[in-house]
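Taking it in order: structure first as structure tokens, then the write-up.
FYI, it's all coordinate maths here, none of it is from the lab. Small disclaimer: the values here were computed from a predicted structure and weren't measured. Note: ideal-geometry Cβ built from the backbone for every residue, glycine included; neighbour counts use all protein chains shown.
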Amino acid sequence: MEQQNNLLEGNIVKTLLIFAGPFLVANLLQALYGAADLLIVGKFSSSAEVSAVATGSQFMQTITGVIVGINTGATVLIGQYFGKKKYKHIADTMGTVICIFAIMAVILTVVMVVFTGNITTLMRTPVQATEYTKEFILISSCGIPFIIGYNAVSGILRGLGNSKAPLFFIAIACLINIALDLILVAGFHMGSTGAAISTVTAQSVSFLLGIIFFKKKGFCFEFNRTHIKLQAAKAKIILKLGLPIALQDGLVNIAFLVVTAIINTMGLTASASVGVVEKLIVFSMIPPFAFASAIAVMTAQNIGAGKPKRAKQSLYTGIGFSLIFGIIFCIYSQWNPKSLISLFSTDRAVIVTASLYLKSYSIDCILVCFVFCINSFLVGYGNSMFPMIQSTIATFLIRIPVPYVLSKMPGVTLYQIGFASPLASALSIVMCMIYMRHGRYNKRHIY
């Protein structure tokens, strides 16, 4: 299997766009999983089931964030080895990745299935949605091995410069998910249960397609079963790079969960409103996340090849493209938020309440363009500690405390609570700028 994109040469704008494009579309399609679930459940089921899908999918997103974080460590390591043309090290890293994720799949699935009821209670799910939420989380938990498998396959391919194959896997899976949603939710009126079944089925397809691709295409270097073993040295590097990213993503998602739990105490309308807005925000953040993911791989490969200036150019280019999308979404959200909310709910009260939340929250879509891209640039260098530190500070100083305090104040609406996320991102930007100016990120060890 040949490298799909040469990230080490050529015009930086063209190279980044070609490589980030499949990231962008793949992430868009992956977001359609949850969006299709919420949209179709919102059209054909009750607000209680909308709340269940919103709450349950938010928790599953937290699990996915941890998986993606650790996987990023593997992607960066493979990218740096690829830049240095150390193919045996790539094969050993791939084998170690398979072992790490196999262990994770078993542990996470068991934990989630056993503690489904506790998780539902912890989320302070509205009484009307409790049973629906339990069932949604339980079924979704059965898909964790497939989520892990797909991300492992995609991480390996992207580290090698191939961002197109993961797009194909997720495109097929997305079509299956939407088709099953229409059959089970709209046709058989299975509500949130049907949505969960659809998603798990689609996830299994994306993973199986990845396995088939590996077997048919092979690699431009030797890789066989003998490489599939847990090598302590490689595992240590992967976890050293990936765990801080996983913790960073986990903290952000946990913050979302905490905010969801806080707002769930404000009633069913508020709960459903937050769920709808979170789905919209996920879509709006796909472009900066896609460019940031591309920046991490480009930085890793170029640092491995001894081209730090080209790596930094990819950072500036990625921020610029991300801002285009972020600014457009923010402006539209201020102008006509109800048109976006009505895509996911026909409940008049939810539309009005969610529109207020979207207006303030959408400001974050501009600020995260800087945060995502800078963090990924640092990760590509092999520095995953600082992104974790600044994310931890922003989470515990602003992202969680502000919504909690505001929710206790009389007369406060979701509009005021929505400012918590942009405030947290603003603090992260300040910390990133200081670190980039005075830090020693470019002195990190290159593996």
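Considering only 58, 231, 301, the mean-square fluctuation computed in a Gaussian network model of the chain, springs between alpha carbons under 10 angstrom, is largest for 231. Since only 48, 438, 415 are under comparison, the one whose Cα sits farthest along the positive direction of the charge dipole of the chain, derived from C-beta charges on Lys, Arg, Asp and Glu, is 438. Against the main long axis of the alpha-carbon atoms of the chain, helix 308-335 sits at an angle near 10°. Computed on the Cα trace of segment 1-111, the radius of gyration divided by the Kirkwood hydrodynamic radius gives Rg/Rh = 1.09.
Of the peptides 149-162, 37-50, the ranking by mean beta-carbon count within 10 Å, highest at the top, reads 149-162, 37-50. Compared with the dominant Cα axis of the chain, that is its longest principal axis, helix 385-394 is turned about 20°. Computing Rg and the Kirkwood Rh from the Cα coordinates of segment 106-198 gives a ratio, Rg/Rh, of 1.06. Taking θ as phi - 60° and the Karplus parameters 6.51, -1.76 and 1.60, the scalar couplings of segment 110-127 work out to 4, 4, 5, 5, 5, 9, 3, x, 5, 5, 4, 5, 4, 7, 6, 4, x, 3 Hz in sequence order, x denoting glycine and proline. Binning the alpha carbon pair distances of segment 106-151 at 10 angstrom intervals from zero yields the distribution 29, 48, 21, 2, expressed in whole percent.
From the alpha carbon centroid of segment 176-233 to that of segment 80-111 is 18 Å.
When every alpha-carbon pair in segment 288-365 is counted, what percent end up more than 14 Å apart? Distances greater than 14 Å cover 67 percent of the Cα pairs. Cross-link partners for residue 338 among the aspartates and glutamates, with Cα-Cα distance under 17 Å and sequence neighbours closer than 8 places in the same chain left out: 278, 347. Ordered from longest to shortest, the equivalent ellipsoid semi-axes for segment 31-178 are 34, 18, 10 Å, each the square root of 5 times a Cα gyration tensor eigenvalue.
Counting only lysines at least 8 places from residue 236 when in the same chain, those with an alpha carbon closer than 28 Å to its own are 84, 85, 86, 88, 215, 307, 312, 443. Note on segment 265-317: Rg/Rh from Cα positions, Kirkwood definition for Rh, rounded to two decimals, is 1.36. Relative to the 2.2 N^0.38 Å rule of thumb, segment 127-255 has a C-alpha radius of gyration ratio of 1.28. Distance distribution P(r), segment 204-299, all Cα-Cα pairs, bin width 5 angstrom from 0: 3, 9, 10, 13, 16, 18, 12, 9, 6, 4, 2, 0 percent.
Taking the Cα centre of segment 235-382 as reference, the dipole from Cβ charges on Lys and Arg (+1) and Asp and Glu (-1) amounts to some 500 debye.
For the chain, modelled as a Gaussian network with Cα springs under 10 Å, which listed residue fluctuates most, 302, 71, 118? Result for the chain, Cα springs under 10 Å: 118 fluctuates most.
Highest-first packing order for the peptide set 318-326, 202-210, 80-88, 222-230 is 202-210, 318-326, 80-88, 222-230, based on the mean count of other beta carbon atoms within 10 Å. Taking 37 °C and 0.692 mPa s as conditions, the chain diffuses translationally at an estimated 150 µm²/s according to Stokes-Einstein applied to its Kirkwood radius (Cα pairs).
Here the chain is assigned +1 on the Cβ of each Lys and Arg and -1 on the Cβ of each Asp and Glu. Its dipole about the Cα centre then comes out at about 1660 debye. For segment 81-220, the residue among 140, 190, 161 whose Cα projects farthest onto the positive side of the dipole built from Cβ charges is 161. Remark: spin-label model distance residue 217-residue 229 equals 2.8 nm, labels positioned 7 Å along the Cα→Cβ axis.
Residue-normalised convex hull volume from the C-alpha trace of segment 172-225: 75 Å³ per residue. Label zone (residue 103, point 7 Å along Cα-to-C-beta; backbone nitrogen cut-off 20 Å) within segment 216-231: 225-231.
Helix 364-381 axis versus longest C-alpha principal axis of the chain: approximately 30°, rounded to the nearest ten.
For segment 340-437, the orientation-averaged shadow of the C-alpha convex hull comes to 7.3 nm² (one quarter of the hull surface).
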